[in-house]
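To start, the structure under review is shown below, and the notes come after it.
The numbers here are math on the coordinates, done by the rules we state, and not lab data. Treat the numbers as computed from the prediction; the structure is a model and nothing was measured. Positions of Cβ are generated from backbone atoms using ideal geometry, with glycine treated the same way; all protein chains shown enter the neighbour counts.
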Amino acid sequence: MDDFSVRRVAFEWLSAQVRLHGDVLPRNLLAQGFTLDGVRVPLLGPQGIFKPQALPEIPLSITTVPSGPYDDGFSSDNLLLYRYRGTDPRHRDNVGLREAMRRRVPLIYFHRVVEGKYLAVWPVFIVGDDPGRLTFKVEVDDVQYAARGLAAEPAGPMVRDEESGIRRAYITATVRQRVHQRAFRERVLCAYRDQCALCRLRHEELLDAAHIIPDGEPDGEPIVPNGLALCKLHHAAFDRQFLGIRPDYVVEVRRDILEESDGPMLLHGLKEMHQLRLHVPRRATDRPSETLLERRYERFLLLQEG
């Protein structure tokens, strides 16, 4: 079993898991991994820089745990900054990442968004090493390029030209945004115990984290008090002002919708939500901000009056 084969199968396995579960995956699934030639290959372990026994030299993945012992983050030029293991540049894990940089070997990046759940991103490449700051610089590439590069045994080190640098910088910037979005979604769904705040639907695949104040506006922060766990129907209805939510957590359906006749979905899916009290998180600090709800509700009233 060689390094090349392990990475190729790892990428294929991850692609299959993301198709099934989405790009936020449970830790137990990643820690179990897959079996290749009778050998189990986990994708992450207890340490941030992880090399399974199936690989001879270079790590397979790197993991960021927010609020953990290492201050990983993003640079102003949208590179991922990944801290060394410990403070010794010659630690075998740091040497392994340095070798990955030298050979242009693709890795997997995991970012923990909530306890036990990780955003999976691949392929990533180590593109810089700063021993003074005990930090590696990391870029993300398009999985299609990794597939092409691993379709056959590579002849030599990968070359980073200007085009690939621009592409990776853009993709790394989008990953930064995905990290925030996925973390927001998982925190909100966890606070609402994975159920819609209106209809209590519990199928996670059909649930969204809706912003009270939209992302991009002042106070539209990705924090739980600015979020609501809503099924896709009620998320769309909330975003399009079919319904509003008062600061006292009571739902109001728009008058013209209440007067409309359009079958059982409208009746049971929307009309019956009128005057319903929102199901809110148990912890007071996770409940929707009354101030933000009031601002959003004022927009709903303006539409009614119009």
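Of the listed peptides 259-269, 192-202, 23-33, what is their order by residue-averaged count of other C-beta atoms within 10 Å, with the highest listed first? Working shown, then result.
Details: 259-269: 10.6, 192-202: 18.7, 23-33: 15.7.
Most protected by this proxy first, the peptides run 192-202, 23-33, 259-269.
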Inset, instruction - Can you check what the net charge comes to around L119, using other residues whose Cβ is under 10 Å from the Cβ of L119 (Lys, Arg +1; Asp, Glu -1)? - result: +2
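222 nm [θ] for the chain, helices only, -39500 (n - 2.57) per DSSP H run of 4+, per residue, to 500?
Estimated from H runs of four or more residues: -10500 deg cm²/dmol.
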Inset, instruction - Obtain the nm distance between the two label points defined at R92 and T174 by a simple spin-label model: each point lies 7 Å from its Cα along the Cα-to-C-beta direction. - result: 3.8 nm
Legend entry - Debye log10 I(q)/I(0) at q = 0.20, 0.23, 0.24 Å⁻¹ for region 194-305, Cα point scatterers: -1.09, -1.43, -1.53
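Can you give the local net charge around L301? Use residues other than it whose beta-carbon is closer than 12 angstrom to its beta-carbon, Lys and Arg +1, Asp and Glu -1. Working shown, then result.
Values: positive: R246, R254, R255, R295, R296, R299; negative: E252, E294, E298, E305.
Here the charged neighbours net out to +2.
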Inset, instruction - May I ask for the net charge around E99, where only other residues with Cβ less than 13 Å from the Cβ of E99 are counted and Lys, Arg are +1 while Asp, Glu are -1? - result: +3
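Which whole-number value in Å³ per residue fits the convex hull of the alpha carbons of region 6-64?
Working: hull volume 4.9 nm³, N = 59.
Dividing the Cα hull volume of region 6-64 by its residues yields 84 Å³.
Tell me, what is the FRET efficiency for R103 and E260 to the nearest 0.05, using R0 = 51 angstrom and their Cβ-Cβ distance as r? List each step's numbers first, then the result.
Details: r = 63 Å, r/R0 = 1.24.
Step by step, r from the Cβ atoms, then E = 0.20.
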Inset, instruction - State the Kirkwood hydrodynamic radius of the chain in Å, one decimal place, computed from all pairs of distinct Cα atoms. - result: 21.6 Å
Inset, instruction - Report, in degrees rounded to the nearest 10, the 0 to 90 angle that the Cα long axis of helix 3-21 makes with the longest principal axis of the chain. - result: 10 degrees
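Would you please put 241-250, 293-302, 109-118 in order of how densely packed they are, using the mean number of other Cβ atoms within 10 angstrom per residue and starting with the highest? Don't jump to the answer; show the numbers that get you there.
Numbers: 241-250: 17.4, 293-302: 15.8, 109-118: 19.6.
Order by mean packing, descending: 109-118, 241-250, 293-302.
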